[in-house]
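Notes to accompany the following structure.
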């Protein structure tokens, strides 16, 4: 269930997200919900979510340039987000854009 749909925002997808979505479609996997708001009272979103299985995928960018996810505050905020998701029963799979083949293989196993 989506919480506070007025918070839904249109943002430009990253190249990694676009590539993964394309591979999901080519692999004939069920298309996920995108930018899924998963926690009431927070604006946290998953890049992709299969709500019927409570499986989420996050594409982590900026790993070689010390992007937001790799610096202190961003890393701490991500820890809080992922820990909360786990406590809510979600399985969150995290990949870099270089790991898309692994992502598809994992999704084929977990979404059976």
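Please treat every number below as a calculation from the coordinates, not as lab data. Everything numeric here is computed off the predicted structure, so don't read it as measured data. Please note: Cβ atoms are built from the backbone with ideal geometry, for glycine as well, and neighbour counts cover all protein chains shown.
Got a sec? How would 30, 100 order by Cβ neighbour count within 10 Å, fewest to most?
Values: 30 10, 100 17.
Ascending number of Cβ neighbours within 10 Å: 30, 100.
Fewest Cβ neighbours within 10 Å first, please rank 48, 75 accordingly. Provide the component values of the computation, followed by the final result.
On the way: 48 23, 75 11.
With the sparsest Cβ surroundings first, the list reads 75, 48.
With labels modelled as points extended 7 Å from the Cα through the Cβ direction, what inter-label distance (nm, one decimal) is found for residue 111 paired with residue 75?
Simple spin-label model gives 3.1 nm for this pair.
Which value results for Rg/Rh of region 13-110 when Rg is the Cα radius of gyration and Rh the Kirkwood radius based on the inverse mean 1/r? Before the final figure, lay out the partial values.
Details: Rg = 13.2 Å, Rh = 13.9 Å.
Rounded to two decimals, Rg/Rh equals 0.95.
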